[in-house]
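To start, the structure itself, in structure tokens.
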Amino acid sequence: MATAMPRIKVCDVSDCAYNNQKICHAMAITVGDSHPTCDTYTNSSQKAGVSEISGSVGACKVDSCKFNQSLECSAPDIQVTIHQDHACCKTYTER
């Protein structure tokens with residue numbers, strides 16, 4: 001089990017308030033319940049987060065992901081992309 005939160009390597013969801021030039025500036029995100037959605041996604045033209053940091057994964061609630069260990073993400077880093085109409089963890093890999 002990793003002892004550091006995995007970083008968000010790239011975020012392709014340009015309309016999210018935390019996204020600035022494909023970098024997530026939320027301190028930590030939560031990845032959804034039964035689907036790997038980014039629950040922290042906020043559609044806004046107003047920018048949010050902390051500009052000096054690159055976001056991390058605080059929690060993952062997707063039991064079917066091989067990187068989920070006790071609701072924590074064990075991937076070295078993740079990518080977030082747009083899937084249909086929602087922000088989604090592209091790193092999700094079914095067990």
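Using +1 at the C-beta of Lys and Arg and -1 at the C-beta of Asp and Glu, which of Gln84, Thr37, Gln69 has the Cα lying farthest in the positive direction of the dipole of the range 7-89?
Final value for the positive-end residue is Gln69.
If Lys and Arg each add +1 and Asp and Glu each add -1, what is the summed charge of the other residues whose beta carbon sits under 14 Å from the beta carbon of Ile82?
Spelling it out: positives minus negatives among the neighbours equals -1.
Which value, in debye to the nearest 20, describes the size of the charge dipole of the range 39-81 about its Cα centre when Lys and Arg Cβ atoms bear +1, Asp and Glu Cβ atoms bear -1, and nothing else is charged?
100
Mind running the shape call on the range 1-57? Use the C-alpha gyration tensor, a ≥ b ≥ c as the square roots of the eigenvalues: rounded below 1.5 for a/c, prolate if a/b tops b/c, oblate otherwise.
oblate
Quick one: net charge around Lys61, please, counting Lys, Arg +1 and Asp, Glu -1 for every other residue with C-beta under 12 Å from its C-beta.
-4
The numbers here are math on the coordinates, done by the rules we state, and not lab data. Remember, predicted model here, so these are calculated numbers, not experimental data. All Cβ positions, even for glycine, are placed from backbone atoms using ideal geometry, and neighbour counts span all protein chains on display.
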